Structure formats: C-alpha cells, structure tokens
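The values are calculated or read from the model by the stated rules, or taken from the named source; none is laboratory data. On a predicted model such as this, the values are computed, not experimentally measured, just so you know. Glycine gets a Cβ as well: all are built from the backbone with ideal geometry, and neighbour counts include every protein chain shown.
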Amino acid sequence: SKLSSNIQQALSFVDMKVHGAAPAPYRAIELIKGACDLSKTIDECFAEEDKALGDLIKSRQCKAGVYSFDLIQRRAKKPAGRPADVKPRPIKKIGVIGAGLMASQLALLFLRRYGVPVVMKDIKQEFLDKGLGYVKGELAALVSKGRLTQAKADHLFHILIGTLEWQDFADCDFVIEAVFEEMPVKQSVFAQAEEVVSPQCILATNTSSLSITEMASKLKHPERVVGFHFFNPVAILPLLEIIKGEKTDDVTLSTAFECAKKIKKTAILVKDSPAFLVNRILTKLLSDCFEIVDEGADFALVDEAVLMLGLPMAPFDLLALVGPAVAFHVLETCHRAWPDRFPINERLKRLVEAKVTSIYDGFGPGKQLNPKVAEIWQDRPAKEFLKEEILDRLLTNLTVEIDLILKEKVVSDPKDIDTAMILGAGWPFFNGGITLYLDMVGYTPKVLQKVFFSI
C-alpha cells in the first residue's frame with residue numbers, strides 16, 4: 001500500500017540521518033503508522049502519544065538535547081574568553097590574502113555580512129579572476145533564489161576589489177590570509193602585508209593547525225596577530241575558532257570576537273596548540289580509524305561503526321570532503337607534538353602521494369572501494385572485527401584525548417568542546433556534542449575514573 005511505502009521511505013530517511021542513534025524520530029513514525037490504523041480510537045492514539053512522550057522525556061537523548069539547546073542558544077551568545085570592557089577597533093575595510101576556494105568563500109562572507117569594501121589579493125591575474133568569478137557566481141545564485149536583489153548583488157560586487165598589489169591593503173583595518181598551509185608562506189605574506197598596513201590593522205590567519213605564535217614571531221607587531229579558523233563550507237558551519245597567540249593583545253581579541261558576531265559566527269577562544277580543537281579531535285578519530293583498517297578491518301565496517309554515534313557523515317566520507325592531503329598535513333602537525341598518540345600512517349601517506357582524493361568511488365549504498373586504495377591496503381592482515389569493538393576503541397581513545405585537551409587548557413570548559421563539535425563538525429544535538437555523551441554512556445568513569453561534569 002501507499003502508506004507502508006511512505007512509512008518505509010520515512011524509516012530509510014531517518015536511518016540515513018541518525019543511524020539508529022536517536023529514538024524520537026522512529027517513535028514519531030510508529031505513532032503516525034498507529035494513527036492510520038482505523039481500528040484504533042482517537043483516545044487510544046492520544047494515549048500512545050502520551051506514553052511515547054513520557055518515555056522519550058526520560059531518555060539520554062532528551063537530556064542531551066536540552067543541554068545542546070542551552071549551549072547554542074544561550075552560552076554561545078556570550079562567548080567565554082572575550083575580554084571584558086575592552087573596546088573593539090572599528091573595521092571599515094577588509095583585506096583577504098589569496099583567491100583560492102577558501103579565500104573566495106571568506107570574501108563573499110565578509111561582503112554579505114559586514115557590508116564593507118573587501119580587497120582580495122593573489123599573485124597571478126588568473127588566480128584572481130577565478131576568485132572574483134566565484135564570488136560573482138555565488139551572488140548571482142543568491143539573486144536567482146530570491147535571497148538577494150540584483151541591485152544589492154551589484155553593489156556588493158562593486159565593493160569587492162581584486163588586486164595583485166600590496167599597496168591596496170594600505171587602508172585596511174582587518175586582513176585575513178587563506179594561502180597555502182605552510183609556515184614560511186604564511187610568514188612571508190604577513191611580513192609583506194605589515195609593510196603597508198597601519199600598526200593598528202589586525203592580521204588574522206585561517207590556518208587549520210599551524211602555530212599562531214610562530215607565525216607572528218618575525219613581525220614588528222606580533223600583538224595584532226590572531227587565529228581566525230573557519231570551517232568548510234564557510235557559509236554553512238557556524239563555528240569560528242579564535243586562537244590567541246602568546247603576544248596577541250586584548251584589543252585584537254575583542255575586535256576578533258566582535259567581527260565574528262557581525263558575520264554571524266559562534267566564536268570560541270582556543271589556546272595556540274597544534275591543530276587547535278576540532279581538528280585535533282577529528283584527526284585523533286581518523287588516525288585511529290586508519291590504524292584499525294591497517295589491522296584488518298574493512299573501511300566500510302569502520303564507517304558503519306562510527307555512524308552508530310548518529311554522526312552526519314562517516315569518517316572516510318569526511319576524508320573525501322576535507323581532502324586526504326589536508327588531513328595528512330594536520331596529522332603531521334599533531335605527530336610532531338605527540339608522536340605516540342598521532343603516528344604517521346604510511347599507507348595514508350602513499351594515498352596522498354598517489355593523489356587519490358577519496359577512499360570510495362561513487363556515493364551512497366552502491367559505492368565501491370577505490371582500486372588504488374585496495375592496492376595500497378592489500379598487504380594488511382586478515383582480522384575479524386565487530387562494530388561495537390571498533391566503536392569502543394575509538395571512544396576510549398577520544399576520552400583520553402579530550403581529557404588531555406582540558407588539562408592543557410586548549411579550551412577552558414568541556415562545554416566549549418561540545419559547542420565546537422556541534423557547530424564545527426555537525427555532531428548531533430541528541431548526543432550533547434561529545435563530552436556529555438562520554439559521561440552519559442560511561443566512558444569517562446571507566447577510562448578516567450571521573451566525569452567531565454554533571455548536569
């Protein structure tokens with residue numbers, strides 16, 4: 001019947017979204033199915049709804065959902081770490097160093113949300129033209145969807161200035177770099193920018209893992225350098241990690257937080273440490289996933305195990321989105337700091353050298369292992385794994401890593417970690433991010449003999 005077909009479609013959709021990790025949507029489908037049973041009275045159907053509500057209110061997921069809602073709606077609006085009573089500097093013009101995909105996304109975001117002139121610089125006209133073309137195309141798409149008037153789009157593109165010359169940054173109040181992820185390159189562009197900008201101009205970096213302190217170390221004014229780490233896609237993910245270098249002053253921090261607010265991002269203050277916060281947690285997870293595959297587990301089995309958490313994306317699909325080369329670069333950064341916990345995966349290195357961009361060919365249920373991936377991992381041992389065993393190992397190691405993150409004061413509170421994982425990595429509301437989940441399902445007492453907090 002059409003009803004059973006629709007119910008099946010709904011179940012498939014819910015499975016795809018939460019992978020069995022949240023009871024509420026399944027219970028809702030059951031209630032709808034029950035309401036379509038003509039042998040039941042309306043009072044019986046209402047009684048079933050009451051019972052479902054009573055059961056779900058007592059669930060772990062409900063408690064976690066309320067906690068998550070409080071984080072996002074209340075706590076995130078008054079970010080911890082913003083210097084009190086320090087007036088931010090006004091920003092009337094913004095400079096973006098680079099015209100690649102990330103830089104172009106940043107230019108578009110600043111144009112739309114800040115509404116001030118934006119200067120975008122690159123080293124070659126062809127790179128610049130591509131970046132400007134991206135912004136123009138995105139503005140045109142917003143017009144076609146009715147989210148922007150043509151006049152507004154024309155105005156925004158008019159105040160976007162493409163340049164090959166540093167001199168055009170002279171009157172900028174805020175400059176952000178999104179160039180190649182190598183320390184000498186980033187130090188070089190900041191040194192060149194410092195030659196032309198005012199001493200008050202803030203220099204922000206979108207680095208995903210490199211040291212802010214080291215990046216600022218050769219500048220005349222290291223106090224105006226701050227980490228401003230966005231998450232891809234920039235327009236969708238609301239998190240912004242603001243990273244304080246050793247010499248970053250309070251005015252710079254205050255201006256960075258004010259800028260985040262104006263561009264409608266949720267900012268958290270993060271200590272200057274390798275891979276910062278979200279990337280460190282995701283890199284630990286991915287590193288352990290590769291280790292388990294090296295020991296004989298199938299890629300698909302590891303993905304299925306992690307999806308039992310209800311995450312929006314399996315780890316090896318996330319790898320394709322981020323790019324193996326980027327993921328490996330962050331792993332190298334973590335390896336230099338903590339070689340025992342973040343070993344270099346030689347097969348992943350070979351994957352990057354072979355320029356393979358994805359573990360799988362295709363998407364969805366019919367996807368197949370990429371032949372080159374199968375070749376690189378062909379000599380691993382044959383070992384049977386259970387999904388529960390894989391997930392247990394991953395969560396045990398994450399518990400230890402998160403405890404170290406808090407001990408190192410990378411962030412000041414477990415709530416910052418949960419806010420970051422929900423808004424920067426899309427981890428589900430119904431788990432309360434990660435620290436509350438680890439407390440509630442018993443990993444913190446088992447592994448650390450304590451809990452992160454009690455609510």
Count of region 87-106 residues which are surrounded by 15 or more Cβ atoms within 10 Å (Cβ to Cβ) and part of a loop (DSSP other than H, G, I, E, B): 7
Condition test on residue 240, is it aliphatic (A, V, I, L, M), outside any helix (DSSP H, G or I) and either more than 19 Å from the chain's Cα centre (by Cα) or buried (at least 18 other Cβ atoms within 10 Å of the Cβ) (or both)? yes
Of the residues in region 148-162, those that are over 17 Å from residue 114 (Cβ atoms) and surrounded by 15 or more Cβ atoms within 10 Å (Cβ to Cβ) come to 162
Working only within region 144-196, note down all residues that are touching a residue at least 40 places away in the same chain (Cβ under 8 Å), closer than 13 Å to residue 121 by Cβ and part of a helix (DSSP H, G or I). 166, 168, 169, 189, 193
For region 123-143, which positions are more than 26 Å from the chain's Cα centre (by Cα) and either outside any helix (DSSP H, G or I) or among the aliphatic types (A, V, I, L, M) (or both)? 123, 124, 128, 140, 143
Right, residue 122: touching a residue at least 12 places away in the same chain (Cβ under 8 Å) and crowded, with 17+ Cβ neighbours inside 10 Å or not? yes
If I ask for residues that are among the polar types (S, T, N, Q) and surrounded by 14 or more Cβ atoms within 10 Å (Cβ to Cβ), which ones from region 47-76 would you list? 59, 61, 68
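The rows are residues; the columns are (1) surrounded by 15 or more Cβ atoms within 10 Å (Cβ to Cβ); (2) of a type in the set (Lys, Arg); (3) over 23 Å from residue 307 (Cβ atoms); (4) within 22 Å of the chain's Cα centre (by Cα).
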| site | (1), (2), (3), (4) |
| --- | --- |
| 335 | yes, no, yes, yes |
| 340 | no, no, yes, no |
| 348 | yes, no, no, yes |
| 352 | yes, no, yes, yes |
| 355 | no, yes, yes, no |
| 358 | yes, no, no, yes |
| 362 | no, no, no, no |
| 368 | no, no, no, no |
Would you pick out the residues in region 254-275 that are under 13 Å from residue 244 (Cα atoms), part of a helix (DSSP H, G or I) and not small (Gly, Ala, Ser)? 255, 257
Can we say residue 22 is modelled with pLDDT of 95 or more, more than 30 Å from residue 156 (Cα to Cα), out of contact with any strand residue (DSSP E or B) (no Cβ under 9 Å at 6 or more places or on another chain) and surrounded by 15 or more Cβ atoms within 10 Å (Cβ to Cβ)? yes
Take residue 355 and tell me if it is assigned to a helix (DSSP H, G or I), free of Cβ contacts under 8 Å to residues at least 40 places away in the same chain and basic (Lys, Arg). no
For region 23-45, which residues satisfy the criterion of being within 20 Å of residue 62 (Cβ to Cβ) and touching a Ser or Thr at 6+ places or on another chain (Cβ under 9 Å)? 23, 24
How many of the residues in region 401-433 are under 14 Å from the mean Cα position of the chain (by Cα) and either among the β-branched types (Val, Ile, Thr) or not in a loop (DSSP other than H, G, I, E, B) (or both)? 10
Which residue is farthest from residue 175 (Cα to Cα), if the candidates are limited to region 78-111 and must be without any contact (Cβ under 8 Å) to a residue 60 or more places away in the chain and within 21 Å of the chain's Cα centre (by Cα)? 78
